[in-house]
Amino acid sequence: MSIRDSNVVIIEVGRTVVRAGLGLYDLLKTPTVDIPARVGLRRNAVVENGEPPLNGTLNGYDEPMASTSRAASMFPQTAVPTAAVKDYLVGTQLDEALASGQDIIVSWPFADGGVSDWTQAEAIWKYVLFNQLQRRRVQNESPILFSITPGNSRDTYERICQIFFERFNVAGFAILERPMAQLYAANSLSGIVIDIGDEVSDITPIYDGFIYHPARTTVALGIRHCQNYVANLLRSNQFVVNALSPPENPLDSDTLHAALLELVKQLWKDDHIKIPSDGETALPEDEGVMDIAAVVVAGKEKAVIESNQKKKNQTKQTEAEKKRDREIEALDLITVQFRGLSLTIGKERHRFCEPLFDPSLLEDLPGTAALNSGDEKPLPVQEVVGHVVNQTDVDQRQYIWQGLVVTGDITRHVKGIGVALQSRLAPFIVNPELQSDVQPRSIRVLSVPEYYAEYRETGNGYAAFLGSSITAKIIFSDAGGRNYVSKADYAYKGPHSIIEMTPSLL
């Protein structure tokens, strides 16, 4: 491995997460840095910096400015013009401050896909480079491959380049838009990337290595909507509700809902949620097998779960026993540990992704109003994807449909979302009136190939980081240096050099 490879830094900036890693290896590795894309500012630091309280508030700063696209976002963006980079807490520093109960103003500068506050952004990047990756500014020999959400202005890219050269003294710099990196990781140059985020999902069509920006869009559906849906389904599980909110000491409705949301988050992060292989969502349980509480009260849950997990001896079973085993298997029960309680959960957990395909399921559910802003109801993901592809040139569509990539942190734990989406997209490629060579005939779901050993168990969740690593390995080994900005390039042309050296930004 060359010295350059050992010094290369990959930084991936998503809406709510920042990932990074040092060095490129023959066996490409997963990120070593994975932190929330947020900063914190002690409220008393605002006062010390010359912003005195006004009518009981800090000149309005104690009311976070929600993102422009989502009024009820859990990722507020709060601008404090007087704050300096050194004032912000990032990573473990912020985690510890919040855990200790300090009064902290939290802000997410990348939540809208761009950069809402440059000081906050610099604080995060500085923490990643110098605190987590142990780079030294004075002798920084690391070139940077930087990936970010597409659609930013040229001024934004130039300013990012300027910060990395002038503030961090990097040896070289290149920018790659995240959907391109995600598609590269799936070994394709054309496709449609669906990046499922916490509150929104980004949908990006790509043809022959270039993003078709006029059709790129977002849909206001994400992981939080899915969590809220299953949390409401769990309200019908009396065993779970009674365990969390005992009749003798009941929780108020909001507290119970918060506990159920936390439980659902644990379920998907612990890989307990699956999408049926045929691409259909899980059906509601039949009345006769739905009463999990009755099973638990009867003390049979252990037997049910063991029976579901053991291999049955078919040769010794009677027809009645086989029928009983099928009924038990249909329950698909699991027992999880949550807040010191043993909770038995049924197959309603597998309905996690239904809101993505049918947002009407969220209507009038508790907690839904806090997720959606405005009067417009989100369209199903499959309809948005179909509309996006149909905006591209007709002779490009057959190639784009051959690269359906579903990514996002959720895909690290919930498998089969791409197949579930594929089955719902079939109507968009069927056109009996159009019989020609350019007519799409199939949709192909792509994933990170198995030969990337370090990524076999991560689904497509780290696709952007893998694609960025692949790209860095190619461009930083180019002796001509035509796809990245070197120190000499920057000294000669300044921040604008990033535009000239990045074909996709021209």
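Every read-out reported here was derived from the displayed coordinates using simple, explicitly stated rules and does not represent laboratory data. The model shown is predicted, which means the values in this text are computed figures rather than measured ones. Here the Cβ is made from the backbone with ideal geometry for all residues, glycine too, and neighbour counts use every protein chain on show.
Below is a table of values for the structure above.
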{"item": "Magnitude of the charge dipole, the range 131-255, Cβ model with Lys/Arg +1 and Asp/Glu -1, debye to 20", "result": "420 debye"}
{"item": "Cα centre as origin, Lys/Arg/Asp/Glu Cβ charges: the range 165-237 dipole, Debye", "result": "220 debye"}
{"item": "Total charge dipole magnitude, the range 380-501, about the Cα centre, Cβ charges on Lys, Arg, Asp, Glu only, Debye to nearest 20", "result": "260 debye"}
{"item": "By average C-beta atoms within 10 angstrom, highest first, the peptides 397-404, 136-143", "result": "397-404, 136-143"}
{"item": "FRET E, pair GLU376, MET74, Förster distance 25 Å, beta-carbon r, rounded to 0.05", "result": "0.80"}
{"item": "Low-density loop cleavage sites - GluC sites (Glu not before Pro) in the range 169-249, where at most 15 other Cβ are within 10 Å (DSSP)", "result": "GLU248"}
{"item": "Full-stretch length increase - PHE130, ALA99 - with 0.36 nm per residue and alpha-carbon distance subtracted", "result": "8.8 nm"}
{"item": "Listed residue pairs exceeding 18 Å between alpha carbons, taken from LYS269/LYS347; LYS265/LYS377; LYS265/LYS347; LYS274/LYS347", "result": "LYS265/LYS377"}
{"item": "Label-point separation, ASN249 to THR92 (7 Å along Cα→Cβ), nm", "result": "3.5 nm"}
{"item": "Phi-based couplings in Hz for the range 173-189 (Karplus 6.51, -1.76, 1.60; Gly and Pro marked x)", "result": "8, 9, 10, 10, 6, 4, x, 5, 4, 5, 6, 4, 4, 8, 6, 8, 10"}
{"item": "Stretchable slack from ASP270 to GLN439, in nm (0.36 nm times residue separation minus alpha-carbon distance)", "result": "56.7 nm"}
{"item": "In nm, spacing of pseudo-spin labels at THR156 and ASN44 (7 Å Cα→C-beta vector)", "result": "3.7 nm"}
